[in-house]
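Here is the structure we will look at.
Taken together, the values in this text are just the output of simple stated rules run on the coordinates, not laboratory data. Because the structure is predicted, anything quoted here is derived from the model rather than measured. Ideal geometry is used to build each Cβ from the backbone, glycine not excepted, and the neighbour counts take in all protein chains shown.
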Amino acid sequence: YYSNDIIKLLKALDVEGKVDLCGEVVTEILNHVHIDSATECLLSRIENKVIPTDQLSCENVFYWRCIVAHTSTNQPEIYEQIMPTLSEYSQYLKDYVVKASAISSEDYDAHYQASYVIQELIKMAK
């Protein structure tokens with residue numbers, strides 16, 4: 001059903017509501033699947049080492065963070081493909097925060113999603 005698309009799987013699992021479960025699932029996938037297969041759906045979304053801000057979702061930013069954490073020590077060559085420099089990342093995060101601050105607080109779903117994405121982006125910077 002998910003056609004090896006981990007982003008679809010995370011959406012079905014409700015990544016915002018079940019972070020621990022989703023983290024365990026992604027960890028198991030990363031431990032049992034070749035890294036090229038695991039990163040395929042993410043790399044198709046990345047441009048210039050980031051996911052364009054208009055394409056960020058709770059699921060793909062969560063998966064991006066998991067891949068960054070996994071590859072930072074295990075596969076530095078993959079890590080270099082998916083993580084920008086600190087200054088580039090700082091600007092990216094700032095741009096997203098500015099964009100997110102323009103979301104009306106009356107649009108609860110969009111506001112909640114933007115808040116979740118910002119939290120994941122900050123976690124990824126650590």
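At-a-glance table
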read-out	value
Alpha carbon centroid spacing (whole Å) that separates the stretch 67-126 from the stretch 24-50	16 Å
Dipole magnitude of the stretch 1-108 about its Cα centre (Cβ charges: Lys, Arg +1; Asp, Glu -1), debye to nearest 20	100 debye
Nearest-0.05 FRET efficiency for SER87 and ASP14, computed from C-beta distance (R0 25 Å)	0.15
Bins of 10 Å from zero: percent of alpha-carbon pairs in the chain	12, 46, 34, 7, 0
Label-point separation, ALA102 to SER115 (7 Å along Cα→Cβ), nm	2.1 nm
Leading residue at positive end of dipole, the chain (Cβ point charges), from SER90, MET124, GLN75	SER90
Across LYS94/LYS126; LYS49/LYS126; LYS8/LYS94; LYS18/LYS49; LYS8/LYS99; LYS18/LYS99, pairs whose alpha-carbon gap is larger than 23 Å	LYS8/LYS94; LYS18/LYS49; LYS8/LYS99; LYS18/LYS99
